[in-house]
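The block underneath contains the structure these notes are about, expressed in structure tokens.
The values are calculated or read from the model by the stated rules, or taken from the named source; none is laboratory data. Since the model is a prediction, treat every value here as computed from it, not as a measurement. Quick reminder, even Gly has a Cβ in these numbers, built from the backbone with ideal geometry, and neighbours come from all protein chains shown. Please note that ligands, DNA and RNA were not included when accessible areas were found on the heavy atoms of the full protein model with its side chains. Shrake-Rupley method; radii C 1.70, N 1.55, O 1.52, S 1.80 Å.
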Amino acid sequence: MSDTYSNPLDDPAADPFAVASDAAADIARLTGVESHDIALTLGSGWGGAAELIGETTATIPATDVTGFSKPALEGHVGSLRSILTPGGKRVLVIGARTHYYEGHGVRRVVHSVRTAAATGAKVMVLTNGAGGLKTSWSPGQPVLISDHINLTADSPIEGANFVDLTDLYSRRLRDLARTIDPTLDEGVYCQFRGPHYETPAEIQMVKAIGGHIAGMSTALEAIAARQAGLEIAGFSLITNLAAGIQTTPLSHEEVIEAGQQAGPVIGALLARFVEAL
Ligand code: 8IG
């Protein structure tokens, strides 16, 4: 009875992997590209990066693809792109992340990742904008995600599937990223539900439990990516120091600005990384 749902993923009886497979068929038809090698999700601040990766051969509104929903936030791009790199790799660029805080449920949050796997991608590159806890970091600095702590109290896995999350953020890919930029630091990403930023006390908790990066995405997506068999790389753009670490209030404007300033550097980093994969 999925006709009664505006998004097929909202039907509890739907198989999310079957919906992802339909979405991948839509992408193949709309882009003319039978299969993709790499998928790349662009988070806050990373939007300009796609330009530097290669030639965009097709851009499609995410809403034309089964199961995708419209993001309505400045700094987030609601489209999917197929890019051909100079080295001949096909990259599916997902500019349309659905956030957990939008309240549509975790299936919709991880649909892009499952779709990426269904298009044939073997590597999932997840990027985000986030708050940093290390005082050695400054806004506009990209860092690698080494591991995560999922503070959403939710999981994208349905049923009794005990997915292993050891080495979730591939060591091989982190080492590869550091061959491109040896100065890349790394840290443990903590996913909060948001959309509010943390209190300084919550950031002290993050510090106490071993976190270095606070954000509102990526962990749930990484779990789904692992389940789908993808190798995962995670990059955070530190757009602000986390609450209480920086003395000024956090604002969405400073996030946008840090992204704009860092754009060319992180774009070049991603382009070289993707080509090296
Ligand atoms: I950009 O400081 C960005 N996203 N949770 N905390 C959380 N998410 C963020 C932050 C931050 N900055």
Report summary line: Within the stretch 38-59, residues being away from the ligand (no atom under 16 Å from the Cβ), at pLDDT 90 or above and surrounded by 18 or more Cβ atoms within 10 Å (Cβ to Cβ) number 5
Query - Count - residues of the stretch 241-276 that are farther than 25 Å from Leu176 by Cβ and surrounded by 24 or more Cβ atoms within 10 Å (Cβ to Cβ) - result: 1
Query raised in the report: Looking only at residues in the stretch 63-86 that are at pLDDT 90 or above and touching a Lys or Arg at 6+ places or on another chain (Cβ under 8 Å), which one is farthest from Val106 (Cα to Cα)?
Result: Leu84
Report summary line: Subset of the stretch 84-136, residues of a type in the set (Lys, Arg) and more than 12 Å from the chain's Cα centre (by Cα), comes to Lys89, Arg90, Arg107, Arg108, Arg114, Lys122, Lys134
Report summary line: Over the stretch 115-134, the set of residues open to solvent by 10 Å² or more (accessible area, probe 1.4 Å) and not in a loop (DSSP other than H, G, I, E, B) is Ala117, Ala118, Val123, Gly129
Report summary line: In the set Leu237, Leu220, Leu173, the lone residue that is assigned to a strand (DSSP E or B) and open to solvent by less than 10 Å² (accessible area, probe 1.4 Å) is Leu237
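Residues checked against (1) within 16 Å of the ligand (Cβ to nearest atom); (2) closer than 15 Å to Asn128 by Cα; (3) not basic (Lys, Arg):
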site	(1), (2), (3)
Leu165	no, no, yes
Ser170	no, no, yes
Arg178	no, no, no
Ala214	yes, yes, yes
Ala222	yes, yes, yes
Ala233	no, yes, yes
Asn240	yes, yes, yes
Ala262	yes, yes, yes
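Considering the stretch 184-201 alone, what residues qualify as being over 21 Å from Tyr169 (Cα atoms) and of a type in the set (A, V, I, L, M)?
If the condition is that a residue be over 21 Å from Tyr169 (Cα atoms) and of a type in the set (A, V, I, L, M), then Ala201 is the only one that fits.
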